[in-house]
Amino acid sequence: MWEDVEFSVFHPWESQPRQGGFSLDAGAAKEILQDLLEYQDRLLSMKRKVTALCAMKPPSKDPSTTAMHVAMVGDGSGKQGAFSYGGGHIDLQLRYVEELAERIRKALAAIGQNEQDQTKTVQNVNPGAHSPGKIG
């Protein structure tokens, strides 16, 4: 649906960020993920409100009220109203935020696995080293 942009979360000990996209350090990636999750909650709240607005019934059956109601929420059989279009935009934003959050989670998980692998390697070389970065 949207253009695919590569990004990576890089380790602090790497000298250069990944080329051909953009890179985040792990701390920034975690902060962005937290912000995305908070934004996702706000979008879900808006989606619930739009659903409630689109389920409204017109307060009366007179032609002008009915016409205004159709303009706001649609006619229920294909013609969308302003709230329906807004709901569609919220759905698009929600899908984008969910996709980006999932990609950041995967990148952070990959770094976590890489750090665990490196810790095991260091411990195999020097069994007395108990924490990453502690050699000898």
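Going through the range 55-74 one residue at a time, which ones are of a type outside the set (D, E, K, R) and under 23 Å from Gly88 (Cα atoms)?
Those that are of a type outside the set (D, E, K, R) and under 23 Å from Gly88 (Cα atoms): Ala55, Met56, Pro58, Thr66, Ala67, Met68, His69, Val70, Ala71, Met72, Val73, Gly74.
Pull out all pairs, ordered by first then second residue, where Cβ-Cβ is under 7 Å, the residues are six or more apart or on different chains, the first lies in the range 70-85 and is in contact (Cβ under 8 Å) with a residue 40 or more places away in the chain and within 19 Å of Lys47 (Cα to Cα), and the second is of a type in the set (Phe, Trp, Tyr) and surrounded by 15 or more Cβ atoms within 10 Å (Cβ to Cβ).
That search, which allows pairs on different chains as well, returns nothing.
Quick check, is Gly27 surrounded by fewer than 13 Cβ atoms within 10 Å (Cβ to Cβ), modelled with pLDDT under 85 and not basic (Lys, Arg)?
Values: surrounded by fewer than 13 Cβ atoms within 10 Å (Cβ to Cβ): yes; modelled with pLDDT under 85: no; not basic (Lys, Arg): yes.
Answer is no for this residue.
Right, Thr65: assigned to a helix (DSSP H, G or I), touching a residue at least 24 places away in the same chain (Cβ under 8 Å) and not hydrophobic (A, V, I, L, M, F, W, C) or not? Explain how you work it out, then say what you get.
Numbers: assigned to a helix (DSSP H, G or I): yes; touching a residue at least 24 places away in the same chain (Cβ under 8 Å): no; not hydrophobic (A, V, I, L, M, F, W, C): yes.
So Thr65 fails the test.
The values are calculated or read from the model by the stated rules, or taken from the named source; none is laboratory data. Everything numeric in this text was worked out from a predicted model, so none of it was measured. Note: ideal-geometry Cβ built from the backbone for every residue, glycine included; neighbour counts use all protein chains shown.
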